[in-house]
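**Q** I have a structure I would like to understand better, so I am pasting it below and will then ask my questions one at a time.
The values are calculated or read from the model by the stated rules, or taken from the named source; none is laboratory data. No experiment lies behind these values; they were computed from the predicted model shown. All Cβ positions, even for glycine, are placed from backbone atoms using ideal geometry, and neighbour counts span all protein chains on display.
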């Protein structure tokens with residue numbers, strides 16, 4: 001039986017054992033409104049940490065200006081990857097920041113959703129340093145993985161049908177479908193990997209393996225989270241049409257923290273049930289994690 005070693009966390013008030021259990025839907029909004037100040041602080045810190053990544057990606061992609069509607073997306077790529085030297089340097093710098101910063105971001109969110117006390121800046125920075133190696137590895141995997149998947153999808157979906165018409169349409173479409181499926185599972189694994197990273201002392205290979213297992217094994221939950229996040233993204237696009245300034249203000253204040261809280265709040269019970277409770281049962285005592 002696999003054994004998991006937990007990482008210590010500062011004790012907090014938590015939830016009283018005598019407090020009646022509430023539906024998690026209502027608990028989420030209770031936490032959101034009670035911790036809105038800390039979530040806004042965290043959003044600002046994380047946005048600043050992601051700035052090199054955002055800037056590097058923005059200048060690395062050529063957006064297709066011929067696309068005027070969603071129907072056009074089925075005929076041509078939305079953008080292509082063509083970085084110059086400066087954007088490559090910025091992206092390289094972002095690799096050393098993004099993953100560790102995400103670990104700090106998720107750690108604070110994990111404690112907030114558990115209704116424990118969290119010092120936003122100090123806890124973020126402490127976990128940035130503590131999980132630096134795993135976070136850096138994840139940054140490299142993400143950068144290489146998502147670019148490779150996008151290039152592969154573009155090749156099978158748009159290049160192969162034109163350059164290799166003798167292959168027909170079935171094989172390219174099937175290959176593109178496989179790439180989409182891999183991309184979805186890879187993305188869903190991110191719903192879990194950072195929470196496990198800041199909670200357990202595990203080798204990276206074990207972290208990634210567990211995350212993939214949760215990504216494939218918790219299909220209804222992952223679909224629900226994706227639907228909620230997609231609805232927020234669609235709402236943001238509509239808001240961008242009417243008021244880009246208002247969207248920028250909302251995103252800068254709470255956007256990333258809101259999405260992060262939704263993901264961590266939704267997936268934490270799975271990690272708690274399947275991993276943390278096993279730790280407590282094996283140790284015979286309640287561990288502070």
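**Q** Applying the selection to segment 225-239, what residues are within 23 Å of residue 45 (Cα to Cα) and touching a helix residue (DSSP H, G or I) at 6+ places or on another chain (Cβ under 7 Å)?
**A** Here is the first cut: in segment 225-239, the ones within 23 Å of residue 45 (Cα to Cα) are 229, 232-233, 236.
Correct list: 229, 232, 236.
**Q** Collect the residues in segment 206-222 that are in a helix (DSSP H, G or I) and surrounded by 15 or more Cβ atoms within 10 Å (Cβ to Cβ), keeping them in residue-number order. Show your work before the answer.
**A** Here is the first cut: in segment 206-222, the residues in a helix (DSSP H, G or I) are 206-217, 219-222.
The answer is 207, 208, 210, 211, 212, 214, 215, 221, 222.
**Q** Among 93, 106, which is within 22 Å of residue 212 (Cβ to Cβ), touching a helix residue (DSSP H, G or I) at 6+ places or on another chain (Cβ under 9 Å) and part of a helix (DSSP H, G or I)?
**A** Details: 93 fails: within 22 Å of residue 212 (Cβ to Cβ).
One residue alone meets the criteria, 106.
**Q** Looking at 244, 220 in this structure, which one is modelled with pLDDT of 95 or more and more than 15 Å from the chain's Cα centre (by Cα)? Write out each step before concluding.
**A** Working: 244 fails: modelled with pLDDT of 95 or more.
So the residue among 244, 220 that is modelled with pLDDT of 95 or more and more than 15 Å from the chain's Cα centre (by Cα) is 220.
**Q** What pairs come up if the first residue lies in segment 33-45 and is more than 19 Å from residue 101 (Cα to Cα), the second is part of a helix (DSSP H, G or I), and their beta carbons are under 6 Å apart, counting only those six or more places apart or on different chains?
**A** 35/112
**Q** Right, something else. Of all residues being part of a helix (DSSP H, G or I) and in contact (Cβ under 8 Å) with a residue 60 or more places away in the chain in segment 179-205, which is farthest from residue 268 (Cα to Cα)? Just the residue, please.
**A** Pass one, segment 179-205, residues part of a helix (DSSP H, G or I): 179-197, 204-205.
Checking the rest, the ones that are also in contact (Cβ under 8 Å) with a residue 60 or more places away in the chain come to 191-192, 194-197, 204.
Values: 191: 9, 192: 8, 194: 11, 195: 8, 196: 9, 197: 12, 204: 19 Å.
It comes out as 204.
**Q** In addition: With 198, 229 as the choices, which residue is farther than 19 Å from residue 103 by Cα, modelled with pLDDT of 95 or more and surrounded by 14 or more Cβ atoms within 10 Å (Cβ to Cβ)?
**A** Answer to the check: 229.
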